[in-house]
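*Asks:* Structure below; questions to follow.
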């Protein structure tokens with residue numbers, strides 16, 4: 001009698017786990033989950049596409065490892081944007097400003113050798129106007145130093161419609177705060193900007209919308 005009372009519960013438990021109804025139930029759940037996954041996967045028409053991780057001004061260099069990737073459904077515009085892994089090889093630039101988070105248009109990517117602009121870094125005394133940011137179009141003004149070291153002469157525009165590519169404050173020297181700005185200028189104006197820098201001209205950046 002004691003022996004039967006000990007073995008009976010074990011037998012009952014063993015039969016529960018081996019019950020065919022339990023196994024069939026598990027199989028049905030797995031089949032149901034798999035079926036739902038297959039339906040969802042079949043209806044997922046999104047594809048990975050490159051996007052701008054921040055504002056990319058026209059003329060700035062880009063590479064695949066610097067871009068963000070997002071999944072979107074392109075629908076009727078498939079082919080108009082650059083899919084992940086399909087960025088052309090070589091040194092590339094964007095030919096127009098691409099906003100933060102915007103998908104990269106295939107038409108806005110070109111070889112750097114075909115770009116009409118190049119980057120130049122200029123030092124601007126003090127702070128920039130609040131409206132100047134990455135991607136802002138600005139006119140570059142320059143004022144030559146007076147011969148008697150009493151200041152600077154009348155400023156003139158040396159570059160029209162440059163694009164701000166990067167901004168970094170430079171306040172290493174107390175009382176000499178300035179802002180280093182990388183601007184994208186037409187290749188034909190590079191010599192003019194470099195000459196102004198070499199001759200100690202005072203440079204200013206004025207947003208196009210501020211010039212009447």
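The values are calculated or read from the model by the stated rules, or taken from the named source; none is laboratory data. In this text, all values refer to a predicted model and were calculated from it rather than measured experimentally. Cβ sites come from the backbone with ideal geometry, for glycine too, and all protein chains shown count toward neighbours.
*Asks:* Among what's in segment 106-121 and is closer than 15 Å to residue 80 by Cβ and surrounded by fewer than 16 Cβ atoms within 10 Å (Cβ to Cβ), pick the residue that is nearest to the chain's Cα centre (by Cα).
*Replies:* 106
*Asks:* Which of the residues belonging to segment 46-64 are part of a strand (DSSP E or B), under 20 Å from residue 183 (Cα atoms) and in contact with a helix residue (DSSP H, G or I) (Cβ under 8 Å, 6 or more places away or on another chain)?
*Replies:* 61
*Asks:* Counting only residues that are in a strand (DSSP E or B) and under 21 Å from the mean Cα position of the chain (by Cα), how many does segment 122-137 have? So that I can check it myself, show each step before the final result.
*Replies:* First pass over segment 122-137, keeping only residues in a strand (DSSP E or B): 122-125, 137.
Now restrict to residues that are under 21 Å from the mean Cα position of the chain (by Cα): 137.
Looking only at that region, the number is 1.
*Asks:* Just to verify a result, which residue in segment 164-211, among those that are modelled with pLDDT under 80 and assigned to a strand (DSSP E or B), is farthest from the chain's Cα centre (by Cα)?
*Replies:* Result: 170.
*Asks:* Return the residues of segment 65-96 that are out of contact with any strand residue (DSSP E or B) (no Cβ under 7 Å at 6 or more places or on another chain) and either closer than 20 Å to residue 134 by Cβ or part of a helix (DSSP H, G or I) (or both); say none if nothing qualifies. Talk me through it step by step, then tell me what you get.
*Replies:* Restricting attention to segment 65-96, the residues satisfying the condition of being out of contact with any strand residue (DSSP E or B) (no Cβ under 7 Å at 6 or more places or on another chain) are 65-66, 73, 75-79, 85-86, 89, 96.
Those that are out of contact with any strand residue (DSSP E or B) (no Cβ under 7 Å at 6 or more places or on another chain) and either closer than 20 Å to residue 134 by Cβ or part of a helix (DSSP H, G or I) (or both): 65, 66, 75, 76, 77, 96.
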